[in-house]
Amino acid sequence: MTMATESQNQVVKWNSSSQIADPNVPRDDREALKMYEEALEKSTMAQSDSVTPDDRAELFYNVGNVRERLGMNGESAYRECLALKESHNEARNNLALLLMRRGAYVEAVSELKCTGLESCENQINLGVALECLGKTEEAIEQYEAAITQNPKDPRPLTNLGNALIKLDHIQRAFECHEKAAELGGDTDATLRFNLATSLEAIGQVQAAVAQYEAVLKLDPLCSSAHINLALALQDLDASTQKDRIAYHLETAVELIPNDLDAWLNLGDFRLESVDDNTMSIRALDAFEKACKTKEGQFSPEAYLGKASALSQLNQIQAAIDAAKHSIRLAAAQQHPSHPDEESATLIAAKNLLRDLLFELRDNLSSSA
């Protein structure tokens, strides 16, 4: 089975408070946006020196902030601000976060470095952007610098732990997540979730179960915690935890019906729990829904599960078709630099297809 979600990075939020505290600014964001845009229009027409470039830069900055809060894109406003005042680090930071949100990590790194800031917040964001570019070692340097800046902030500890997991430094990652959870108290579900994944990684499954349960008390709608808790319970003792495992897996697919991993895990669980045709039918239903998700139509695992469920229902020809499709998908996804190294899914699908073809041959021979 597949763990639903690994540890979760934290990015520092927008810096968007500069002018909103002004008593002359309307509390309603739409009114505020109208006021700022009108002020910009007047400043463009002004012939006196009463409105400086710095004043206009601040107006553009506030326009960007209000647009973001209204769900509009503030990027152009931040760029206008920086064109007027290159040293406006708050606008540059917010622009960088926007760039990260749309996946422009190279430009985001450039903008964050241009601020010249060495604050904890800037180093966290720079670390996240570098990590998204695959520069994990450089990201770790930024997180460690952020921890030096503010040792009591759980965010850089969280991100450092996540980065260390990628480098297989499991014990040190656990220590980071444990410390972050201590600093964050008992009310932060994300910190508890990350601690749970680290506990599983170092083999402390029972302790991980307790943390996932704590996460769900804080956030009952966290589908990833439902899935990971179910998988952890299976590792402990699947035979005595079937009802709890089923509950958490079924809750996960109810919460996010288009989650491929949720359906795959539910299908695998039902397939392994088969004691009659009813459970095989339910397993088939889960795998068919997995195949219909956006990612599932390209998932060899989804079609392999479907083939296995069809095989248990003695629908041999349909199972053969599903197994062949799984093989085609798995073969297409082989790494081009290692074409001879078959994935576990490809091997399993080929073995299943072989068994199904033998079974089909035997059925035809016995009916002849």
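The values are calculated or read from the model by the stated rules, or taken from the named source; none is laboratory data. For clarity, every value in this text was computed on a predicted model and none was experimentally measured. Using ideal geometry, Cβ is built from the backbone for each residue, glycine included, and neighbour counts are taken over all protein chains shown. Please note that ligands, DNA and RNA were not included when accessible areas were found on the heavy atoms of the full protein model with its side chains. Shrake-Rupley method; radii C 1.70, N 1.55, O 1.52, S 1.80 Å.
Annotations
- Flag if ALA181 is within 26 Å of ALA225 (Cα to Cα), small (Gly, Ala, Ser) and either open to solvent by less than 10 Å² (accessible area, probe 1.4 Å) or in a loop (DSSP other than H, G, I, E, B) (or both): yes
- All conditions in (1) surrounded by fewer than 24 Cβ atoms within 10 Å (Cβ to Cβ); (2) among the charged types (D, E, K, R); (3) modelled with pLDDT of 95 or more hold for LYS306, with the sole exception of (1).
- Look at region 63-80: where a residue is more than 15 Å from GLU31 (Cα to Cα) and a partner is buried (at least 20 other Cβ atoms within 10 Å of the Cβ) and among the aromatic types (Phe, Trp, Tyr), sitting 6+ places away or on another chain with Cβ atoms under 6 Å, you get ALA77/PHE60; GLU80/PHE60.
- Given (1) touching a residue at least 60 places away in the same chain (Cβ under 8 Å); (2) farther than 23 Å from ALA129 by Cα; (3) open to solvent by less than 10 Å² (accessible area, probe 1.4 Å); (4) of a type in the set (A, V, I, L, M, F, W, C), number of the condition VAL215 does not satisfy: (1)
- Residue within region 261-268 that is more than 30 Å from ASP237 (Cα to Cα), touching a helix residue (DSSP H, G or I) at 6+ places or on another chain (Cβ under 7 Å) and open to solvent by less than 30 Å² (accessible area, probe 1.4 Å) present: no
- Selection within region 124-149 - touching an Asp or Glu at 6+ places or on another chain (Cβ under 8 Å) and under 13 Å from LYS166 (Cα atoms): ALA139
- Flag for LEU191 being assigned to a loop (DSSP other than H, G, I, E, B) and within 16 Å of the chain's Cα centre (by Cα): no
- Of note, LYS289 satisfies the criterion of being within 23 Å of LEU231 (Cβ to Cβ) and either β-branched (Val, Ile, Thr) or surrounded by 14 or more Cβ atoms within 10 Å (Cβ to Cβ) (or both).
- Filter result for ALA252 (of a type outside the set (Phe, Trp, Tyr) and touching a residue at least 40 places away in the same chain (Cβ under 8 Å)): yes
- Any hit, region 2-13, residues being open to solvent by 80 Å² or more (accessible area, probe 1.4 Å), closer than 30 Å to GLU131 by Cβ and modelled with pLDDT under 55: yes
- Cβ pairs under 6 Å, 6+ apart, first in region 312-331 and free of Cβ contacts under 8 Å to residues at least 60 places away in the same chain, second β-branched (Val, Ile, Thr) and part of a helix (DSSP H, G or I): ALA330/THR345
- In region 230-279, the residue that is farthest from the chain's Cα centre (by Cα) out of those that are at pLDDT 95 or above and of a type in the set (Ser, Thr, Tyr) is TYR247.
- Every residue from region 325-350 that is open to solvent by 90 Å² or more (accessible area, probe 1.4 Å) and either within 22 Å of GLU288 (Cβ to Cβ) or of a type in the set (Val, Ile, Thr) (or both): ARG328, GLN333
- Which listed residue, of LEU357, LEU353, is more than 30 Å from ALA252 (Cα to Cα) and open to solvent by 50 Å² or more (accessible area, probe 1.4 Å): LEU357
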